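The values are calculated or read from the model by the stated rules, or taken from the named source; none is laboratory data. Every value quoted in this text rests on a predicted model; they were computed, and no experiment measured them. Virtual Cβ from ideal backbone geometry, glycine too; neighbours counted across all protein chains shown.
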Amino acid sequence: MDYTRVIAGLRKELRRVDETIKAMDTLERQQERAQVIPKRGRKAMGAAERLEVSERMKRYWATRKRPAPEVNGANPANGTTG
């Protein structure tokens, strides 16, 4: 049996395995970095979304600004009592 040839083959295989391990380590680090860095701040809003929010808030405040119905001549909204 030629030990020199066997050892050379094993060393060649060892180099391939080492290169594969390095490549996998690199990929793993890249994935970890991508997961660690969270995106902060508000999401950018497009013109259509701003218009939608604007209309929704106009409707909301229109209902909030309506005078309260008078009950027995009293209107707590303007401070009068019945």
Legend entry - Residue that is modelled with the lowest pLDDT, among those in segment 1-46 that are part of a helix (DSSP H, G or I) and β-branched (Val, Ile, Thr): Val36
Legend entry - Test for Met57: is it in a helix (DSSP H, G or I), surrounded by 10 or more Cβ atoms within 10 Å (Cβ to Cβ) and either at pLDDT 65 or above or among the aliphatic types (A, V, I, L, M) (or both): yes
